[in-house]
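The structure appears right after this line, and notes come after that.
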Amino acid sequence: MGEIVVVASQKGGVGKTTTVINLGASLAILGKSCLLVDLDPQGSIASGFQLDDYKLPYGLYDVIVKKIPLALAITDIGLENLEIVPSNVKNEEQEIDLFTHALNLKLIRSILKPLKSEYDYIILDCPPNLGTLTLNGLVAADSVLIPVQSEFYSIKSLGKFLRSLKTIGKKYNSKLKFKGILITMYDRRLKKSREILKDLRYGFKDIIFNTVIPRNSRVAEAPAFGKPVALVDMTSVGALNYFKLAEEFINRNNRQ
Ligand SMILES: Nc1ncnc2c1ncn2[C@@H]1O[C@H](COP(=O)(O)OP(=O)(O)OP(=O)(O)O)[C@@H](O)[C@H]1O
Ligand SMILES: [Mg+2]
């Protein structure tokens, strides 16, 4: 039985989409079959593979609003072991329709259930808020991975997000576990970054992944090539650390 992992954070721009794409690609290269599902109407997962999200024939929008079978929205991206479900939201009206349908918080869970046995991992990318789509992701998931930047405001917003998760867990998904907190865009040259990493490790102990994702220009450039960083420059520190993360991810026991 596969595992559904939701990558979520209330904060924007922390590396959720970058992690979904590059962790997914590294897991796929290591032989694990992965489906990446874009719950974010920004449609960044498709863009990361240089596809025009809204030009694709089907996506999550069509599954949720038009009730087409999920199998039709699974899109081949030409990589072994890796498929995506793009978001495919074409305008604001459709976005509102999507949010409204997602008021049924168990919708994504029921849509993904039949696919759980077909993949090793189903990884969900969320918008940067605790709206209905993120809540759907948290209700559908077995575990949550939280990307955090090593900067001043992160600890405060992480604390807030963890409190929200506790409430959501109690109310809607008591089985939700921690995959872990992932430090992203780490810059070890900055004293402040090093101090925050130390504080985070002290505060959150083994919930934090040992692997830290460094700030790396190859990671930032990769979407312009329509590829995960591993296929742009396998030897870059970004690619190497996403591989390290994938290995840790596979061997890790989820935390309560
Ligand atoms: N390790 C990294 N090194 C350099 N740049 C990075 C790294 N990770 C992410 N970025 C860049 O930071 C920006 C934000 O990343 P990303 O889009 O993954 O965040 P997000 O949390 O998904 O954002 P949103 O909340 O808007 O969905 C992007 O421009 C991305 O290329
Ligand atoms: Mg994103």
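Couple of notes before you dig in:
- Only strands (runs of 3 or more DSSP E) whose full extent lies in the stretch 19-98 are considered here, and the ones with at least 2 residues that are touching a residue at least 60 places away in the same chain (Cβ under 8 Å) and under 29 Å from Met234 (Cβ atoms) are 34-38.
- Total residues in the stretch 1-37 satisfying the condition of being closer than 19 Å to Val219 by Cβ, within 16 Å of ligand 1 (Cβ to nearest atom) and either open to solvent by less than 10 Å² (accessible area, probe 1.4 Å) or not basic (Lys, Arg) (or both): the figure is 17.
- Residue in the stretch 59-71 that is among the acidic types (Asp, Glu), at pLDDT 95 or above and either out of contact with any strand residue (DSSP E or B) (no Cβ under 6 Å at 6 or more places or on another chain) or more than 16 Å from ligand 2 (Cβ to nearest atom) (or both) present: yes
- Exclusive hit being within 16 Å of ligand 2 (Cβ to nearest atom), on the phi < 0 side of the Ramachandran plot, hydrophobic (A, V, I, L, M, F, W, C) and surrounded by 15 or more Cβ atoms within 10 Å (Cβ to Cβ), set Ala246, Ala222, Ala230: Ala222
- Residues (within 16 Å of Ile122 (Cβ to Cβ), within 13 Å of ligand 2 (Cβ to nearest atom) and small (Gly, Ala, Ser)) located in the stretch 1-47: Ala8
This table checks each residue for (1) of a type in the set (Lys, Arg); (2) within 16 Å of ligand 2 (Cβ to nearest atom); (3) in contact with a helix residue (DSSP H, G or I) (Cβ under 9 Å, 6 or more places away or on another chain).
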{"site": "Asn104", "(1), (2), (3)": "no, no, yes"}
{"site": "Leu107", "(1), (2), (3)": "no, no, yes"}
{"site": "Lys116", "(1), (2), (3)": "yes, no, no"}
{"site": "Asp125", "(1), (2), (3)": "no, yes, yes"}
{"site": "Pro128", "(1), (2), (3)": "no, yes, yes"}
{"site": "Val139", "(1), (2), (3)": "no, no, yes"}
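- Residues (among the basic types (Lys, Arg) and more than 29 Å from Val139 (Cβ to Cβ)) located in the stretch 176-218: Arg188, Arg189, Lys191, Lys192, Arg194, Lys198, Arg201, Arg215, Arg218
- When residues in the stretch 130-152 are screened for being out of contact with any Gly (no Cβ under 8 Å at 6 or more places or on another chain) and open to solvent by 20 Å² or more (accessible area, probe 1.4 Å), 7 of them pass.
- Top-ranked residue of the stretch 230-246 - restricted to ones that are among the β-branched types (Val, Ile, Thr) and assigned to a helix (DSSP H, G or I), ranked as nearest to Ile181 (Cα to Cα): Val237
- Taken over the stretch 233-243, the criterion of being open to solvent by 10 Å² or more (accessible area, probe 1.4 Å) and aliphatic (A, V, I, L, M) is satisfied by Met234, Val237, Leu240.
The values are calculated or read from the model by the stated rules, or taken from the named source; none is laboratory data. Since the model is a prediction, treat every value here as computed from it, not as a measurement. Because the Cβ atoms are built from the backbone with ideal geometry, glycine has one as well, and the counts that use them run over all protein chains shown. Surface accessibility is based on the protein's heavy atoms, side chains included, excluding ligands, DNA and RNA. Shrake-Rupley method; radii C 1.70, N 1.55, O 1.52, S 1.80 Å.
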